[in-house]
Amino acid sequence: MNNTNEYHRDSTVLDHGSFSFFCNVRAASEALIWTNMQNKDFDDQSVIRFILSPGAIQISKIDGIKKATITGSPHQDEKEKWDHVKSSQIDTAEYYFQTLRTLVLRKKQTGHSDYAKQIDSLGQLVEAARGVITKMDVGYIASHPESYLSGYLLGKRCRRIPVDSVKLLYNALADSVKNSSVGYEVLSYVYPLTNDTAFRAKNPLFDQDFNKQLAGIRSIHDFKLQDLSGKWVDFTSFKGKYLVIDMWASWCGPCIKTIPAWNKLIPQYNPKLIQFITVSMDTEVDAWKRSIAQHKPGGSAFIEPRAFNSLFAVYCKALWVSHYVIADPTGHILNYDAPHPDNPKFKQIIDNLIK
């Protein structure tokens, strides 16, 4: 993430095993180096993750060894010292996780259901081990509010911590940490999820005008979005009906994967009672239209080209896609994070609304 809070991606060529790269960041940011361009797994040993600090940083890595040697980043030095304190817990969690991955792959290859209990048991062990690490990190954050590492750790652990707790920990951080790239990561997570208008006013993710507009929204019916023809559709036209909203994007693989299950559900319900709509988070209209033509998701189709920086996304508490929201006939959201349509619970929720 650069000094304007935008994710920056670039590539460089190795020259006799070395490379140089220059960028601007706000005080501290996480950086990832993909040494294998074919790899898509963030946990692969070919990926180098570290805390980027302003200054000259040297990185060296040997093929086949996951850990890289990084010098020149004081925040990364602090992280490595803290990782050493947690080393036994980290090793335990990693062992369980890698064993779990092996069993899941073996189950997929063989089709045997014998591994189900082992996979479930290992999953619980992974969660327990990661829970211990989270507790340790929360303690570090609380006792080191002026550390950029605390902002980094909070960004990494926020999904495992109640939103109110994240908000309290963020409030306690020093202003220098809040105003850094790692601080922005935390705010961009908690801002849409909290309903605390005072917190939003004190910590604007965008600007005060955005805050005022957000505070003025009373229901989903206050929105207008563009359809495939470019026409602006007022959501008051959906009054009196339940709304099942699929927030997706053309570049989102999991979103595309659930379209068949989504399409299978739609004909099962009376459109006078329930309306299914899709809202794309694509920033390019043409990419959205091409994906609609190719994958044909059912329901009314709309786009929000401001994506996650939009009032619609923040109001619906959408931090990523795929994201499913259900609103009642008055436009008030009943479920901000519904299951995916290929999950049987999704249909159960809709059926219960009708009853």
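The values are calculated or read from the model by the stated rules, or taken from the named source; none is laboratory data. Note that this is a predicted model, so its numbers are computed, not measured. As a convention, Cβ positions derive from the backbone with ideal geometry for all residues, glycine included, and neighbour counts pool all protein chains shown.
Among the residues making up segment 182-194, a single one is more than 13 Å from the chain's Cα centre (by Cα) and either among the acidic types (Asp, Glu) or not in a helix (DSSP H, G or I) (or both): THR194.
Pairing each residue of segment 305-316 that is part of a helix (DSSP H, G or I) with any residue that is of a type in the set (Ser, Thr, Tyr), provided the two are 6+ apart or on different chains, yields C-beta distances under 6 Å for ALA307/THR283.
Here are some conditions: (1) farther than 29 Å from TYR184 by Cβ; (2) surrounded by 13 or more Cβ atoms within 10 Å (Cβ to Cβ); (3) among the hydrophobic types (A, V, I, L, M, F, W, C). ALA116 meets all but one. Which one does it not meet? Evaluating ALA116 over (1) farther than 29 Å from TYR184 by Cβ; (2) surrounded by 13 or more Cβ atoms within 10 Å (Cβ to Cβ); (3) among the hydrophobic types (A, V, I, L, M, F, W, C) leaves (2) as the failure.
Does LEU353 qualify as being at pLDDT below 95 and either at negative phi or assigned to a helix (DSSP H, G or I) (or both)?
On the way: at pLDDT below 95: yes; either at negative phi or assigned to a helix (DSSP H, G or I) (or both): yes.
Yes; evaluated as a whole, the condition is true for this residue.
Comparison of SER180, SER250 shows that the only residue that is more than 20 Å from ARG306 (Cβ to Cβ), touching a helix residue (DSSP H, G or I) at 6+ places or on another chain (Cβ under 8 Å) and polar (S, T, N, Q) is SER180.
Among the numbered conditions (1) more than 24 Å from the chain's Cα centre (by Cα); (2) aliphatic (A, V, I, L, M); (3) over 24 Å from ASN5 (Cα atoms); (4) surrounded by 16 or more Cβ atoms within 10 Å (Cβ to Cβ), the only one that ALA93 does not meet is (1). Just one of the listed residues (ASN309, ASN343, ASN335) is at pLDDT below 95 and not assigned by TED's automatic domain parsing to the domain that holds ASP207, namely ASN309. The residues of segment 35-74 that are charged (D, E, K, R), in a loop (DSSP other than H, G, I, E, B) and either exposed (fewer than 10 other Cβ atoms within 10 Å of the Cβ) or within 21 Å of the chain's Cα centre (by Cα) (or both), listed by number, are LYS40, ASP41, ASP43, ASP44, ASP63. Looking across segment 1-34, the residues that are within 19 Å of the chain's Cα centre (by Cα), among the charged types (D, E, K, R) and surrounded by fewer than 10 Cβ atoms within 10 Å (Cβ to Cβ) come down to GLU6, ARG9. With the condition being closer than 22 Å to PHE42 by Cα, I'd like the helices (runs of 4 or more DSSP H) fully within segment 111-181 carrying at least 1 qualifying residues. Counting at least 1 such residues, we get 116-143, 148-157. Scanning segment 333-346 for residues that are under 16 Å from LEU243 (Cβ atoms) and part of a helix (DSSP H, G or I) turns up just one, PHE346. Taken over segment 96-113, the criterion of being exposed (fewer than 14 other Cβ atoms within 10 Å of the Cβ) and more than 24 Å from the chain's Cα centre (by Cα) is satisfied by THR102, LEU105, LYS108, GLN109, THR110, GLY111, HIS112, SER113.
Pairs are defined by a Cβ separation below 7 Å, a sequence spacing of at least 6 or placement on different chains, a first member in segment 235-246 that is touching a residue at least 24 places away in the same chain (Cβ under 8 Å), and a second member that is hydroxyl-bearing (Ser, Thr, Tyr) and crowded, with 23+ Cβ neighbours inside 10 Å; the pairs so defined are ILE245/TYR324; ASP246/TYR324.
Return yes when THR330 is within 19 Å of the chain's Cα centre (by Cα), in a loop (DSSP other than H, G, I, E, B) and among the polar types (S, T, N, Q) and no when it is not. Before you say what the answer is, go through the steps one by one.
On the way: within 19 Å of the chain's Cα centre (by Cα): no; in a loop (DSSP other than H, G, I, E, B): yes; among the polar types (S, T, N, Q): yes.
No: the conditions fail for THR330.
Just give me the residues in segment 186-223 being buried (at least 16 other Cβ atoms within 10 Å of the Cβ) and farther than 19 Å from GLY155 by Cα, in sequence order. Passing the criteria: PHE210, ASN211, LEU214, SER219, ILE220, HIS221, ASP222, PHE223. Scanning segment 185-201 for residues that are touching a Gly at 6+ places or on another chain (Cβ under 7 Å) and among the charged types (D, E, K, R) yields one hit, GLU185.
Selection of first residues in segment 143-161 that are assigned by TED's automatic domain parsing to the domain that holds VAL177 and of second residues that are assigned to a loop (DSSP other than H, G, I, E, B) and surrounded by fewer than 19 Cβ atoms within 10 Å (Cβ to Cβ), restricted to Cβ pairs under 6 Å at least 6 apart or on distinct chains, gives the following pairs, ordered by first then second residue: PRO145/ALA174; GLU146/ALA174; SER150/HIS144.
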